[in-house]
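Single-structure report; data block below.
The values are calculated or read from the model by the stated rules, or taken from the named source; none is laboratory data. Only a predicted model underlies this, so the values are computations on that prediction, with no experimental measurement involved. Here the Cβ is made from the backbone with ideal geometry for all residues, glycine too, and neighbour counts use every protein chain on show.
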């Protein structure tokens, strides 16, 4: 009897194993190899074509110390495709999310570029309890980072797509940096930020323009009075209500360009 039971159990196990191989059962996959670059840790997926894709999975020691970070377009020459990645779990219907990007110090995560793919939204809730996501690129309106403390949108962003989650703290950036030349990208918006009657503590990377050198940020498009980041004070935070504001009540800073 015991021998018969053992044979039946063995046959059943083989049947389940074979069935898993022949059907859509999830099978354990290897983790993507991980690397470090500057403030970020990232994993690399190599497609059959040889194309490499990077996914942010964490912060380096120096990255974890930063209060503000910029979502990178690429790392070590590899395009960044999102925050974290989904990994098939052993014999599981669902996926395992790989990546822990948040830190106790991170207050703002800037998105100066559109994500190539959205993160796995339902698995990263509350990773950014202290972090505001800052958006202004019109091409990125379809992708969002969930689980953040709040979202800061450029006013031009709201003109295009007044979309937001009700549970987010929602703000309009009260500092808008403009390229300040004709036919510039993104309706002239280079960067946005938000401060509450304080000095600006995070100065964005210098913009670039072919045949010109960047000459600083000014309070008017004619570039007469330069903004003093050590002493000049912003206005109050602009918090959104139930509808988008009729006009922009913030500071515009204009790039000065010196022809080479």
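Output the residues belonging to segment 202-211 that are touching a residue at least 24 places away in the same chain (Cβ under 8 Å) and not in a strand (DSSP E or B).
202, 203, 204, 205, 207, 211 - these are the residues of segment 202-211 that are touching a residue at least 24 places away in the same chain (Cβ under 8 Å) and not in a strand (DSSP E or B).
For segment 180-201, how many residues meet the condition of being under 21 Å from residue 258 (Cβ atoms) and without any contact (Cβ under 8 Å) to a residue 60 or more places away in the chain?
Number satisfying all stated conditions: 5.
Just one of 88, 48, 130, 116 is out of contact with any helix residue (DSSP H, G or I) (no Cβ under 9 Å at 6 or more places or on another chain), modelled with pLDDT under 85, exposed (fewer than 14 other Cβ atoms within 10 Å of the Cβ) and at negative phi; which is it?
Of 88, 48, 130, 116, the one residue that is out of contact with any helix residue (DSSP H, G or I) (no Cβ under 9 Å at 6 or more places or on another chain), modelled with pLDDT under 85, exposed (fewer than 14 other Cβ atoms within 10 Å of the Cβ) and at negative phi is 116.
Residue 156 versus (1) at pLDDT below 85; (2) surrounded by 22 or more Cβ atoms within 10 Å (Cβ to Cβ); (3) in contact with a helix residue (DSSP H, G or I) (Cβ under 7 Å, 6 or more places away or on another chain): which is the lone unmet condition?
Residue 156 satisfies every listed condition except (2).
Quick check: is even one residue across segment 221-240 over 25 Å from the mean Cα position of the chain (by Cα), on the phi > 0 side of the Ramachandran plot and in contact (Cβ under 8 Å) with a residue 24 or more places away in the chain?
Within segment 221-240, one or more residues are over 25 Å from the mean Cα position of the chain (by Cα), on the phi > 0 side of the Ramachandran plot and in contact (Cβ under 8 Å) with a residue 24 or more places away in the chain.
Could you list, in sequence order, all residues of segment 200-211 that are touching a strand residue (DSSP E or B) at 6+ places or on another chain (Cβ under 7 Å) and farther than 11 Å from residue 255 by Cα?
Those that are touching a strand residue (DSSP E or B) at 6+ places or on another chain (Cβ under 7 Å) and farther than 11 Å from residue 255 by Cα: 200, 202, 204, 211.
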